[in-house]
Amino acid sequence: MQVLKRIVVAAVLVGGFAQAWGQAWVVRPEWVAAHEVFLSSDALGGRGSATRMEEIAANYVASEFEAYGLKTAPGLSGYLQSADVEQYMAQNGRQRVRLAEKPGKIKTFNAIGYLPGSDPAAGTILLTAHLDHLGTDPNEPGDAIYNGANDDASGTTAVLELAHALAAGPQLKRSVLFVCYGSEELGGLGSTYFGKHPPVPLKEIVTNVEFEMIGAQDPKMAKGVMLFSGWERSNLGPTLKEHGALVGPDPYPEQHFFQRSDNFSLALMGVVAHTAAGWGLVPTYHKANDDMQHLDLPYMTAAIQSLVEPMRWLASSDFVPAWNKGGQPKGRE
Ligand SMILES: [Zn+2]
């Protein structure tokens, strides 16, 4: 009994010191589940792009950022950034989904949290996901709510839990911006707006990793490993892998995943930006059954866990990710 007690006391002490030094952070499965329970609930009505429900989801992310101790980003007085969608869509010649049915000014919301680094000259790491989804479709038989538990409440959960982990550790050299975009499903509106109105100059953003649909394991990937879009385009994916991130080359180059998420908005502006994803062609993709029951929570939790120390390293190092020759997109491909 005494021996056991000593072991327990020692373990608690080691755990306490490890935590104080930013080591051995454990992403708890109940934290992951709790974000999903709220974000993918029927009560949030599928978080339709630029709807009141998207705004509620953005407010949830914003309040979590505040609870974790993140600061508001430079130049912002709160944790939300809003964009006028109608004006924006008119400018970009895009007209999709159900926006035309809605009267008045329509806004979309990005939730933004900021973790200031100790060296302002060392740049900023940008970790992102999208908080909107497809809303509801009254013409759909049965359950009309597109819960979007995987797309992209799972990525939003990854951003939240990485914020939780990094904010709880020692101060990092580089600053980290955590952003959950609105209106990705309308064609990357929130991320494009962010790229045009960044709280720090884009040239100071060292790199961007987007998290998309990490709630299910791709059968083509090794157990537990996420696909990393545009793997061969830069040295970022291989370097994160070397540091323990469960990421590997995207086995579906013909699907152009690199061009199909928010990372691409930033990549077009020159930022080395990729997406880490679970199952690229998951059967629930953009279906009403993309819900809690179809999530692989242990896979998702382990995936987020694998990113904590590599991201802490990235934000503490001098490593500057760079495009490989021909890897940087020159325009919409
Ligand atoms: Zn998505």
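The values are calculated or read from the model by the stated rules, or taken from the named source; none is laboratory data. Keep in mind that what you see is a predicted model, and the values were worked out from it rather than measured. Glycine also receives a Cβ, built like all others from the backbone with ideal geometry; neighbour counts cover every protein chain displayed.
One table, with the values for the structure above:
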{"read-out": "Residue ID - surrounded by the most Cβ atoms within 10 Å (Cβ to Cβ), chosen from residues in the range 261-278 that are at pLDDT 95 or above and closer than 30 Å to Pro138 by Cα", "value": "Ala277"}
{"read-out": "Residue in the range 180-192 that is surrounded by 22 or more Cβ atoms within 10 Å (Cβ to Cβ) and touching a Pro at 6+ places or on another chain (Cβ under 9 Å) present", "value": "no"}
{"read-out": "Any chance Lys196 is more than 25 Å from Tyr299 (Cα to Cα) and without any contact (Cβ under 8 Å) to a residue 24 or more places away in the chain", "value": "yes"}
{"read-out": "Out of Ser265, Ser316, sole residue that is out of contact with any His (no Cβ under 8 Å at 6 or more places or on another chain), closer than 21 Å to Lys196 by Cα and not aromatic (Phe, Trp, Tyr)", "value": "Ser265"}
{"read-out": "Residues of the range 179-197 classified as closer than 23 Å to Phe38 by Cβ and either part of a strand (DSSP E or B) or away from the ligand (no atom under 16 Å from the Cβ) (or both), total", "value": "3"}
{"read-out": "Residue in the range 56-72 that is in contact with a helix residue (DSSP H, G or I) (Cβ under 8 Å, 6 or more places away or on another chain), surrounded by 17 or more Cβ atoms within 10 Å (Cβ to Cβ) and part of a loop (DSSP other than H, G, I, E, B) present", "value": "yes"}
{"read-out": "Hits in the range 111-153 (condition: among the charged types (D, E, K, R), away from the ligand (no atom under 16 Å from the Cβ) and at pLDDT 95 or above)", "value": "Asp119"}
{"read-out": "Enumeration of residues in the range 222-244 that are basic (Lys, Arg) and within 16 Å of the ligand (Cβ to nearest atom)", "value": "none"}
{"read-out": "Answer from Val320, Val308 - the residue that is at pLDDT 95 or above and assigned to a loop (DSSP other than H, G, I, E, B)", "value": "Val320"}
{"read-out": "Those residues of the range 119-176 which are charged (D, E, K, R) and surrounded by fewer than 19 Cβ atoms within 10 Å (Cβ to Cβ), in sequence order", "value": "Asp119, Asp137, Glu140, Asp143, Lys173"}
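Listed here are the residues, each with its yes/no results for (1) within 16 Å of the ligand (Cβ to nearest atom); (2) in a loop (DSSP other than H, G, I, E, B); (3) of a type outside the set (Ser, Thr, Tyr).
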residue: Thr157; (1), (2), (3): yes, no, no
residue: Ala167; (1), (2), (3): no, no, yes
residue: Leu177; (1), (2), (3): no, no, yes
residue: Val200; (1), (2), (3): no, yes, yes
residue: Phe211; (1), (2), (3): yes, no, yes
residue: Ile214; (1), (2), (3): yes, yes, yes
residue: Lys220; (1), (2), (3): no, yes, yes
